[in-house]
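Accompanying notes for the structure given below.
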Amino acid sequence: MVKVTLPDGSTLEISDGTTPGELAEQIGPRLAKAAVAAKLNGQLVDLSSPITVDTAVKIITLKDDEGLQIMRHSCAHIMAEAICTIWPDTKLVYGPTIEDGFYYDIDLDEAIRPEDFQRIEEKMREIVQADKPIIRKEMSKSEALDKLAGDKYKIDNVNRSDSDIISFYSSGDSFEDLCRGPHIPGTGKAGSFKVMSVAGAYWHGDPTQKMLQRIYGTAWPTKKELDDYLSRLEEAKRRDHRVLGRQLDLFSFNEAGPGFAFIHAKGMIIWNAIVDFWRSVHDKYNYQEIRTPIILNEELWHKSGHWDNYKENMYFTNFDNVSYAIKPMNCPGGCLIYKSRQHSYREFPLRVAELGLVHRHEASGVMHGLFRVRQFTQDDAHIFCTPEQIESEIIGVIDLTLEIYKAFGFEDSHIELSTKPEKHIGSDEIWETATNALKNALEHRNIEYKINEGDGAFYGPKIDFHIKDCLKRSWQLGTIQLDFSMPQRFDMVYTDKDNTEKPPVMIHRAVLGSLERFLGILIEHYAANLPLWLAPEQARVLTISEKTNDYAKVVYQKLKDAQLRCSCDLTDEKVNAKIAKAHREKLPYMLVVGPKETQSNTVNVRTRGAKETKAMGIDEFLRVTKQKIADKK
């Protein structure tokens, strides 16, 4: 007999060799029906894996993130089986899960086209309806290599494995694929799926290799969830920041500088509103703002480590027989400012922020509007402090970050803590101290977080902030990183209480990440219907006829004097056409003035998205708008 501990802390004694699937049956038929996999002492396994030692067990269902990922991975295999059935000459490469779905890379001389997707889906449904059991088979590495002789892709996968045991999964007698697993117990639990797109992909991303076909799909537990996801995708298309940015004259791109955004006048109004608020919050939290050069010499980048680890993503130039690099990151420049004078523990914590323009070379195929560019502004900050101050500084950064996100309408966020990777610098004691400081800061604020074991930077653990937009898409924005490397590389010191020199703790921190990317996220989140405080044009005065032009000018001037961003439409177009134009341009307020408003010294206020209008005095309208702007509404 072996003892298993369930998530609620209760224990059961079961026969040696009982599987998690059988355990789920013992617990109850509802759980058994929902089960797709299990966790034994934190390790994901198939429901058919025998339990042979005392262990903690969690039955995984599609309500768990891990269960959803396992189901999607199984759908990738089902799609691969369908493709191989339709095109028997297909050579399979690999098929991982991605956010909201999966893909499978295949080598097939015949091009798969969108009109083929329905055939693939129909074959997948046949496989699912057959509810074929998915069976795991294990063998040694040498046995697997013999079995796969002649299949260069799968042999490569085996050779890249760090395990001596190689596993295959079969669904019935018709299909078998190399895979680490785990998988759902049978094809019948595959949920609702759809083949989404096809693209080209090089093997291992190497352009010297043959171009493969990458078939993308998505899968969800129910048809309703699939339909909701597809609806969100359609809505995302309508909100595409690249389209809205062009329509509203916010920004553009030009082949004269691929991947470099041209921010137009209206876009700069939004940009400056973001920056002004960013500066006000940083002033509140006692940050100093600095500015460092864009171009620095090669020697600096050797010292920082970027030359060895990031050179392929950097731009270079040469003058006066000296090699220079355009900075991909702001940190080294911040270190030089720190080293420009002596420092004492009495100055700490020293919080230094920079809106730094950086350049990183991105392949042309991955650039995507403002989301992936070659030049962007990073809202960096570096905090220099003593080890004892780490926890309180992290708490301060968390508070600042969440305050900024809330002001922009992002209150649905989650945090991930990444710990010491296998390759790292610094002692285990330093890592433990740093990681505990991050944990304690999060727990001090009662913030739930996910731990990513071994996913920290080589120089220190980190916290990442992920926000969700109105379409439930997750965006990684902010980050907090403890760095043991940079102070050592730059011989940075401070004089401590005991009059000895010590290296400071260096905290790297960004809140918005890339301002360009954040601008794109804002546009899509609000479908360009930006809150009043961010709107490029906050109000427009619209005349019914030229008879009220003089009064319209008076209203416009009052709005202007009150520092509202506004305009006045005195054209001879009909007022309904003026209103329609203002709606297309996403204006928060339209103030219609005619003879009645002229006589009563009022304005007829039409709010964006509303059909009703309201008569208001000009001073009352200004009070309302000023309060909304102050409240970041």
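The values are calculated or read from the model by the stated rules, or taken from the named source; none is laboratory data. Just so it is clear, the model here is predicted, and its values are computed rather than measured. All Cβ positions, even for glycine, are placed from backbone atoms using ideal geometry, and neighbour counts span all protein chains on display.
For first residues located in the range 333-358 and farther than 18 Å from D491 by Cα, partners that are acidic (D, E) and not in a strand (DSSP E or B) and lie 6+ apart or on another chain with Cβ distances below 7 Å form the pairs P349/E393. Taking the range 588-633, which residues are surrounded by fewer than 12 Cβ atoms within 10 Å (Cβ to Cβ) and assigned to a loop (DSSP other than H, G, I, E, B)? Across the range 588-633, the qualifying residues are G609, A610, K611, E612, D631.
When residues in the range 27-47 are screened for being more than 35 Å from the chain's Cα centre (by Cα) and either surrounded by 14 or more Cβ atoms within 10 Å (Cβ to Cβ) or of a type in the set (A, V, I, L, M, F, W, C) (or both), 1 of them pass. Would you check if I415 is surrounded by 15 or more Cβ atoms within 10 Å (Cβ to Cβ) and within 20 Å of H282 (Cα to Cα)? So I415 does not fit the description; no. Residue count for the range 20-42, restricted to those that are within 21 Å of I134 (Cα to Cα) and in contact with a strand residue (DSSP E or B) (Cβ under 7 Å, 6 or more places away or on another chain): 12. If we scan the range 471-478, do we find a residue that is in a loop (DSSP other than H, G, I, E, B), under 26 Å from E524 (Cβ atoms), out of contact with any Cys (no Cβ under 9 Å at 6 or more places or on another chain) and among the basic types (K, R)? Yes, the range 471-478 contains a residue that is in a loop (DSSP other than H, G, I, E, B), under 26 Å from E524 (Cβ atoms), out of contact with any Cys (no Cβ under 9 Å at 6 or more places or on another chain) and among the basic types (K, R). Residue selection: A363 satisfies the criterion of being under 24 Å from L296 (Cα atoms) and without any contact (Cβ under 8 Å) to a residue 40 or more places away in the chain. Looking at the range 61-72, which of its residues are touching a residue at least 12 places away in the same chain (Cβ under 8 Å) and under 21 Å from the mean Cα position of the chain (by Cα)? The answer is E66, L68, Q69, R72.
Can you name every residue in the range 444-495 that is under 12 Å from I507 (Cβ atoms), in contact with a helix residue (DSSP H, G or I) (Cβ under 7 Å, 6 or more places away or on another chain) and among the basic types (K, R)? Scanning the range 444-495 gives no hits.
Of all residues in the range 222-254, those satisfying the criterion of being outside any loop (DSSP other than H, G, I, E, B), under 15 Å from A527 (Cα atoms) and charged (D, E, K, R) are R232, E234, E235, K237, R238, R242, R246. Only residues that are touching a strand residue (DSSP E or B) at 6+ places or on another chain (Cβ under 9 Å), outside any loop (DSSP other than H, G, I, E, B) and exposed (fewer than 13 other Cβ atoms within 10 Å of the Cβ) were counted in the range 276-296, giving 1. Per the listing K237, K303, K266, the residue uniquely surrounded by fewer than 15 Cβ atoms within 10 Å (Cβ to Cβ) and among the basic types (K, R) is K237.
Note on the range 337-366: among residues that are farther than 26 Å from E501 by Cβ and out of contact with any Pro (no Cβ under 7 Å at 6 or more places or on another chain), the one that is surrounded by the fewest Cβ atoms within 10 Å (Cβ to Cβ) is V366. Residues being touching a Leu at 6+ places or on another chain (Cβ under 7 Å) and either modelled with pLDDT of 95 or more or of a type outside the set (A, V, I, L, M, F, W, C) (or both) are represented in the range 225-234 by at least one member. Criterion first (touching a residue at least 60 places away in the same chain (Cβ under 8 Å), closer than 17 Å to M79 by Cβ and in a strand (DSSP E or B)) does A219 satisfy it? So A219 fits the description; yes. The residues of the range 79-97 that are closer than 23 Å to L230 by Cα and out of contact with any Phe, Trp or Tyr (no Cβ under 8 Å at 6 or more places or on another chain), listed by number, are A82, T97.
So that you can scan it fast, the table gives a plain yes or no per residue for (1) surrounded by fewer than 23 Cβ atoms within 10 Å (Cβ to Cβ); (2) at pLDDT below 95; (3) assigned to a loop (DSSP other than H, G, I, E, B):
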position: A527; (1), (2), (3): yes, no, yes
position: L532; (1), (2), (3): yes, no, yes
position: E537; (1), (2), (3): yes, no, yes
position: V554; (1), (2), (3): yes, no, no
position: L559; (1), (2), (3): no, no, no
position: Q563; (1), (2), (3): yes, no, yes
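Residues in the range 254-263 that are small (G, A, S) and loosely packed, with under 14 Cβ neighbours inside 10 Å: A256, G257.
Within the range 79-133, being in contact (Cβ under 8 Å) with a residue 60 or more places away in the chain and among the hydroxyl-bearing types (S, T, Y) holds for T85, Y94, Y103, Y104.
Being within 17 Å of the chain's Cα centre (by Cα), charged (D, E, K, R) and surrounded by 15 or more Cβ atoms within 10 Å (Cβ to Cβ) is the filter here; which residues of the range 460-499 pass it? Of everything in the range 460-499, those that are within 17 Å of the chain's Cα centre (by Cα), charged (D, E, K, R) and surrounded by 15 or more Cβ atoms within 10 Å (Cβ to Cβ) turn out to be K462, D464, K468, D469, R473. The strands (runs of 3 or more DSSP E) falling completely within the range 98-193 that include 2 or more residues that are exposed (fewer than 13 other Cβ atoms within 10 Å of the Cβ) map to 134-140.
Results for (1) within 25 Å of G205 (Cα to Cα); (2) at pLDDT 95 or above; (3) in the same structural domain as R180 (by TED's automatic domain parsing), shown as yes or no for each residue.
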{"site": "G9", "(1), (2), (3)": "no, no, no"}
{"site": "A38", "(1), (2), (3)": "no, yes, no"}
{"site": "G42", "(1), (2), (3)": "no, no, no"}
{"site": "R72", "(1), (2), (3)": "yes, yes, yes"}
{"site": "C75", "(1), (2), (3)": "yes, yes, yes"}
{"site": "K91", "(1), (2), (3)": "yes, yes, yes"}
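A Cβ distance below 6 Å, combined with a sequence gap of six or more or placement on separate chains, defines the contacts here; from the range 376-393, residues that are in contact (Cβ under 8 Å) with a residue 12 or more places away in the chain and assigned by TED's automatic domain parsing to the domain that holds H508 reach residues that are buried (at least 21 other Cβ atoms within 10 Å of the Cβ) and of a type in the set (D, E) in the pairs F376/E516; D380/E354; I383/E393; C385/E393.
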